[in-house]
Amino acid sequence: QVQLVESGGGLVQAGGSLRLSCAFSGRTFSRYTMGWFRRAPGKEREFVVADMWIGGSTYSTDSVKGRFTISRDYAKDTVYLQMTSLKPEDTAVYYCAASTVVRSTQINDYRYWGQGTQVTVSS
């Protein structure tokens, strides 16, 4: 059973940066596509960025391209989301998720989810 534990959320001013962490346990980290999703107030959960377990390619939604970066530390079984140039519209609960699908940005392909961490960007 995969377990995911996020950390690193908080309050930041617009233009600032935050790094979220997600500790993975229970299975072989390198065999999972890892994704970050978010749910803003009053909106549905949406895809943000993912790192595919085959090929090492990453995909991100257009609104975060050039600002958010996903990375992995295989020694620590941890995936990170580095967020820069944050905007108030980035305010959301951010979720880490794991999927056995080789390449996916679809919520339904991700079987395992963390508890979420709040990110609030003030203007």
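The values are calculated or read from the model by the stated rules, or taken from the named source; none is laboratory data. Please read these numbers as outputs of a predicted model, since none were measured by experiment. Backbone-built Cβ (ideal geometry, glycine too); neighbour counts: all protein chains shown. Quick note on the areas: whole protein, heavy atoms, side chains included, nothing else; ligands and nucleic acids left out. Shrake-Rupley method; radii C 1.70, N 1.55, O 1.52, S 1.80 Å.
When ALA50, ALA75 are checked against the criterion of being touching a Ser or Thr at 6+ places or on another chain (Cβ under 9 Å) and either of a type in the set (Phe, Trp, Tyr) or over 20 Å from GLY15 (Cβ atoms) (or both), a single residue qualifies: ALA50.
Can you find even one residue in the stretch 89-100 that is in contact with a Gly (Cβ under 7 Å, 6 or more places away or on another chain), over 15 Å from PHE29 (Cα atoms) and not in a strand (DSSP E or B)? No, that holds for no residue. Within the stretch 86-104, can one find any residue that is out of contact with any Leu (no Cβ under 6 Å at 6 or more places or on another chain), surrounded by 16 or more Cβ atoms within 10 Å (Cβ to Cβ), closer than 15 Å to SER17 by Cβ and of a type in the set (A, V, I, L, M)? Yes; the residues of the stretch 86-104 include at least one that is out of contact with any Leu (no Cβ under 6 Å at 6 or more places or on another chain), surrounded by 16 or more Cβ atoms within 10 Å (Cβ to Cβ), closer than 15 Å to SER17 by Cβ and of a type in the set (A, V, I, L, M). Of the set (1) open to solvent by less than 10 Å² (accessible area, probe 1.4 Å); (2) out of contact with any helix residue (DSSP H, G or I) (no Cβ under 7 Å at 6 or more places or on another chain); (3) within 25 Å of GLN1 (Cα to Cα); (4) at pLDDT 95 or above, all apply to MET52 but (4). Please verify whether SER17 is open to solvent by less than 30 Å² (accessible area, probe 1.4 Å), within 16 Å of GLN118 (Cα to Cα) and modelled with pLDDT of 95 or more, treating the condition exactly as stated. No, not satisfied.
Looking only at the stretch 61-77, count how many residues are open to solvent by less than 70 Å² (accessible area, probe 1.4 Å) and within 19 Å of LEU4 (Cβ to Cβ). Lay out the reasoning, then the answer.
Quick first cut of the stretch 61-77, residues open to solvent by less than 70 Å² (accessible area, probe 1.4 Å) only: 61, 63-64, 67-68, 70-73, 77.
This time we only want the ones that are within 19 Å of LEU4 (Cβ to Cβ), so: 68, 70-73, 77.
Here the count works out to 6.
Restrict the check to the stretch 53-63 and report whether at least one residue is on the phi < 0 side of the Ramachandran plot, touching a residue at least 40 places away in the same chain (Cβ under 8 Å) and not in a loop (DSSP other than H, G, I, E, B). Yes, the stretch 53-63 contains a residue that is on the phi < 0 side of the Ramachandran plot, touching a residue at least 40 places away in the same chain (Cβ under 8 Å) and not in a loop (DSSP other than H, G, I, E, B).
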